[in-house]
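All remarks here apply to the structure that follows.
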Amino acid sequence: MTHSFQDMSLDFFECNPFYTIGRDWFALTAQKPDGKVNTMTAGWGGFGMMWGKPCSFVVVRDSRYTMEFLDEADRFSMTFFEGKSGHMMLKYIGSVSGRDEDKIKNARLKVDYYEDVPYLDDGKIIFICRKMFKGPLDPEDFTDIGIDSEFYKDKDYHKLYIAEVERFMAR
């Protein structure tokens, strides 16, 4: 079943980002030029203004398969879910790799597209984002020295992506 999403003004997006991103999480989805789609669960990031545009900020570890997709794509989606079933599904897609299995199919998720950008149709809120910046988080730049030892014991650092929010859709 395909859901019907409506374009919404960002003026209508109200959330507590600490709760919505940090506790509820979201799915980050991108497509390679060959058409293959992958998604991952993310719980770090944010929203704000950058370079005069509404933006999302996401970080992805070097080891994540989805990073290959993000690096090759100009645009990606962020899908937010609601309820316990959404959270359980995000736990699942965050615990398996798309390198090893078709986790979108195994999670019984449906991929739909806005223009050429894949998103998970099972969500409640969708952001279509256009990359404007990507760069590594360099441990030499951490001013809080505890970050490296607490979050990067295995030296699997994140890459930061800043993307313009081009479209906000809700159902």
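Descriptive notes on the structure:
- Under the condition of being closer than 17 Å to G22 by Cα and among the basic types (K, R), the residues counted in the range 55-110 number 3.
- The range 2-11, subset more than 18 Å from the chain's Cα centre (by Cα) and touching a residue at least 40 places away in the same chain (Cβ under 8 Å), residue surrounded by the most Cβ atoms within 10 Å (Cβ to Cβ): F5
- Residue check, T41 assigned to a strand (DSSP E or B), of a type in the set (S, T, N, Q), surrounded by 13 or more Cβ atoms within 10 Å (Cβ to Cβ) and within 15 Å of the chain's Cα centre (by Cα): yes
- Meets criteria (within 21 Å of E68 (Cβ to Cβ), within 19 Å of the chain's Cα centre (by Cα) and open to solvent by 30 Å² or more (accessible area, probe 1.4 Å)) for Y161: no
- Total residues in the range 18-38, condition surrounded by 13 or more Cβ atoms within 10 Å (Cβ to Cβ) and at positive phi: 1
- Among residues of the range 44-77, those that are part of a strand (DSSP E or B), of a type in the set (A, V, I, L, M) and open to solvent by 10 Å² or more (accessible area, probe 1.4 Å), counted: 3
- Selection of the range 75-129 for residues being basic (K, R) and either in contact (Cβ under 8 Å) with a residue 60 or more places away in the chain or under 20 Å from Y161 (Cα atoms) (or both) yields R75, K103, K110.
The values are calculated or read from the model by the stated rules, or taken from the named source; none is laboratory data. Because the structure is predicted, anything quoted here is derived from the model rather than measured. Virtual Cβ from ideal backbone geometry, glycine too; neighbours counted across all protein chains shown. Ligands, DNA and RNA are stripped out before the accessible areas are found, and what is left, the full protein with its side chains, is counted by its heavy atoms. Shrake-Rupley method; radii C 1.70, N 1.55, O 1.52, S 1.80 Å.
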